[in-house]
Amino acid sequence: MNSDNNQQPPVRVALTGGIGSGKSTALLMFAARGAAVLSSDRVVHELLEREDVHAKIAASLGIEPLLSGEEGRRQIAESVFTDELQLTRLEDILFPLVAVEIAAWQASAQAMSAPLTVVELPMLFEAGMESGFDRVVLVTAPTEIRQSRHEGRVGITDFEQRASRQLPESEKRARSDYVYDNTGSPEELDGFVAATVAAIIGSEER
Ligand code: ADP
């Protein structure tokens, strides 16, 4: 690990893909391979627990002051579910805050002690957050497979994964450094993760 001061800072990796593509599974695999990992869903959850963020969202969406926790997320989800403009307003508040939290985490001692950091970030492209990363990994799968894996999990926090400005799949592929079609077994996904970690750590010309 990077205990030596002369060593380079960790490679900052973004892990993106649609709902049910296998991002969370891949994130755990990256962690098992020595990466420091962060889920942006968790960041959003934490942000929604903050009073100041609640107040901003409520004012911008023109809804009642938010309840905390699950109830608060339900309030937001109801407001943005069918209303593109409300979703954009929510994103305009959340995306910059998420970017700040990610940058702070990347600079933390825990992250800095790993050879690479991986942030699971479904809305990477839509939020324009690519500049915060050195490499982009896209995990993808056909819609039918994603739906069957995801099953009934579309819930009240789904807005966290559903950006209003969805880029076409082809453009996401073109803007990613590593693309994996997760149609095989979990072991094959793990093999991709292992190879990607080796490639990223091995190609330290940054
Ligand atoms: P995401 O985080 O992109 O929404 P998940 O990692 O939660 O996706 O994966 C969705 C579901 O599919 C999970 O139950 C996971 O265990 C399963 N899964 C992921 N990859 C595979 C795979 N290659 N083969 C079989 N099941 C998989």
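Descriptive notes on the structure:
- The lone exception for residue 114 - which of (1) out of contact with any helix residue (DSSP H, G or I) (no Cβ under 8 Å at 6 or more places or on another chain); (2) of a type outside the set (S, T, N, Q); (3) outside any loop (DSSP other than H, G, I, E, B) it fails: (3)
- Where helices (runs of 4 or more DSSP H) fall wholly inside segment 1-73, the ranges with 1 or more residues that are under 30 Å from residue 144 (Cβ atoms) are 23-32, 40-47.
- Some residue of segment 89-98 being without any contact (Cβ under 8 Å) to a residue 24 or more places away in the chain and open to solvent by 90 Å² or more (accessible area, probe 1.4 Å): no
- Against the test of being at pLDDT 85 or above, more than 10 Å from the ligand (Cβ to nearest atom) and polar (S, T, N, Q), the options 176, 185, 164, 203 yield a single qualifying residue, 176.
- Just one of the numbered conditions (1) in contact with a helix residue (DSSP H, G or I) (Cβ under 7 Å, 6 or more places away or on another chain); (2) open to solvent by less than 60 Å² (accessible area, probe 1.4 Å); (3) among the charged types (D, E, K, R) is not true of residue 101: (2).
- Residues in segment 30-46 that are open to solvent by 20 Å² or more (accessible area, probe 1.4 Å) and touching a Leu at 6+ places or on another chain (Cβ under 7 Å): 37, 39.
- Only a single criterion out of (1) touching a Phe, Trp or Tyr at 6+ places or on another chain (Cβ under 8 Å); (2) more than 16 Å from the ligand (Cβ to nearest atom); (3) under 21 Å from residue 115 (Cβ atoms) is not satisfied by residue 16, namely (2).
- Boolean, residue 38 is more than 16 Å from the ligand (Cβ to nearest atom), under 30 Å from residue 178 (Cβ atoms) and either within 20 Å of the chain's Cα centre (by Cα) or not hydrophobic (A, V, I, L, M, F, W, C) (or both): no
The values are calculated or read from the model by the stated rules, or taken from the named source; none is laboratory data. The model shown is predicted, which means the values in this text are computed figures rather than measured ones. Positions of Cβ are generated from backbone atoms using ideal geometry, with glycine treated the same way; all protein chains shown enter the neighbour counts. Please note that ligands, DNA and RNA were not included when accessible areas were found on the heavy atoms of the full protein model with its side chains. Shrake-Rupley method; radii C 1.70, N 1.55, O 1.52, S 1.80 Å.
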